[in-house]
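**Q** Attaching a single structure in structure tokens format; questions to follow.
The values are calculated or read from the model by the stated rules, or taken from the named source; none is laboratory data. Fair warning: this is a prediction, and the values are worked out from it, not measured in the lab. Reconstructed Cβ throughout: ideal geometry from the backbone, glycine too, with neighbour counts over all protein chains shown. The accessibility values were calculated without ligands, DNA or RNA, using every heavy atom of the protein model including side chains. Shrake-Rupley method; radii C 1.70, N 1.55, O 1.52, S 1.80 Å.
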Amino acid sequence: MKISVYYPALALGLAGLLAGCQPQDKAGCRPDPAASAPAAPVRLERLERPFFQIKNAAEGLQFMQAHPAVARYYLQVGQAPSPQALAGSLAQLATSPELQKLGRETEAAFPDSTTLRQSLGTLFGKVKYYFPDFKTPPVTATYVSGLLGKDIFVNDSLLVLSLDWFAGPKASYRPDLPGYMLRRYRPENLLPTLATAVAGKYVPRRPTVAPSVLDEMISQGKRLYFAERMLPCTPDSLLMGYTRKELVGLEANEGKVWGHFLEKNILYATTPFLIQKYVAERPNVPEIDATCPGRVGQWVGLQIIRKYMAEHADVTLAQLMAEPSAQRILDQSHYRPKKS
């Protein structure tokens, strides 16, 4: 489902509806050095509730005035033709019967604000344990966006969780994505998705250097490793968004997968086409095997990071995330899976 309304790059007006496999998967949680970290205080606002009370443009304007950080960063009022135009679009959305239905279904999928707030506090407490300078966004909110914009928006000032993205397969409307991506949009995927988004804050960026496949593999592997540290009881199936069968297949054929990267001289390629093929979204990677899932480069990157951290117990998570050299991580990981 998509409802067209004014957000940046979207037209004004309502157009209507358009159409975790490691041992922890089997035996519980990973070791958690941050187990005793105090939860961070989180004040969670369920903004979808006042949002659906909007009946006209004047009330839409009041909503934005009551939530200025949301209006500025998430709704991006500064890019609208005028605040009044955006307020009118909010009113059109809030009074849409289709979106109201999705709002009720989203509420049913996430009925417990207390549990969600506590889970966020625990996650942010662990981030602060590893990164003492981390500050929880002062405004933390949930929202029903009509499946517009980002599933999760986070910066230093604001966190918005668009819960309708994660309402799950029982919802009347789903994100306009292929099935292999849709399975990552269920209630249980919310926190892993958030954790990997927060991880991006700590991954070095080199905008003037064309990244290689290896660079992207290690970058994504860092994000996944960060997420598993923050969510030690989350299985790889949720971290990766893979099925259990896919994970079992990758584990059994890890050497074959790695051998493909080596034999085809893929690691140091910088062409976006190859990065897309092996690291980015794709239903599968038939170049390796018809059963090999997409984003396999991310999974291999996670295995390299795990091996590196196992080899270097003195390296902190902050040091890992700050390490700029993917090659150094690979070399010092001694990652050499054997072909089965």
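**Q** So if I take the centroid of the Cα atoms in segment 280-303 and the same for segment 72-125, what is the distance between those two points in Å?
**A** The two parts, judged by their Cα centres, are 33 Å apart.
**Q** Further, regarding this structure: Let me know the whole percent of all Cα-Cα pairs from segment 182-270 that are separated by more than 21 Å.
**A** Taking all Cα-Cα pairs of segment 182-270, the fraction more than 21 Å apart is 43 percent.
**Q** So how do K307, K128, K135 rank on accessible area, 1.4 Å probe, biggest first, that is with the largest at the start?
**A** The ordering from most to least exposed comes out as K135, K128, K307.
**Q** What part of the accessible area of the chain, given as a whole %, is carbon or sulfur when the probe is 1.4 angstrom?
**A** Result for the chain: 55 percent of the exposed heavy-atom area is carbon or sulfur.
**Q** Hey, what's segment 136-224 come to in accessible area per residue, 1.4 Å probe, Å²?
**A** The answer is 38 Å² per residue.
**Q** Distance check, please: which entries in K222/K245; K201/K245; K101/K128; K126/K339; K150/K245; K126/K338 exceed 27 angstrom between their Cα atoms?
**A** K201/K245; K101/K128; K126/K339; K150/K245; K126/K338
**Q** To continue, here is another question. Residue farthest toward the positive end of the dipole of the chain, with Cβ of Lys/Arg at +1 and Asp/Glu at -1: which of A71, A108, L148?
**A** Towards the positive end, the residue furthest out is A108.
**Q** Further question on the same structure: How big is the chain in terms of Cα radius of gyration and Dmax, in angstroms?
**A** Calculated on Cα positions, Rg and Dmax stand at 21.2, 66 Å.
**Q** So which trypsin sites (Lys or Arg not before Pro) in segment 189-293 pass both tests, a DSSP loop state and at most 11 other Cβ atoms within 10 Å of the Cβ?
**A** R205
**Q** What's the Kirkwood radius of segment 79-152 in Å, using all Cα pairs?
**A** 15.1
**Q** Something else about it: How would T270, T196 line up by accessible area, probe 1.4 Å, largest first?
**A** The ranking, largest first, comes out as T270, T196.
**Q** Rounded, prolate or oblate for segment 202-340? Axes are the square roots of the Cα gyration tensor eigenvalues, ordered a ≥ b ≥ c, and the cut-off for rounded is a/c under 1.5.
**A** Rounded.
**Q** I've got another one for you. What ratio of Cα Rg to 2.2 N^0.38 Å holds for segment 103-195?
**A** Segment 103-195 yields a ratio of 1.11.
**Q** Can you give the calculated 222 nm mean residue ellipticity of the chain, where each DSSP H run of n ≥ 4 adds -39,500 (n - 2.57) and the sum is split over every residue, rounded to the nearest 500 deg cm²/dmol?
**A** Rounded to the nearest 500, it is -13000 deg cm²/dmol.
**Q** Report ³J(HN,Hα) in whole Hz for each residue of segment 332-340, in order, from the Karplus equation J = 6.51 cos²θ - 1.76 cosθ + 1.60 where θ = phi - 60°; Gly and Pro get x.
**A** Values per residue, Gly and Pro as x: 7, 7, 6, 6, 9, x, 8, 5, 7 Hz.
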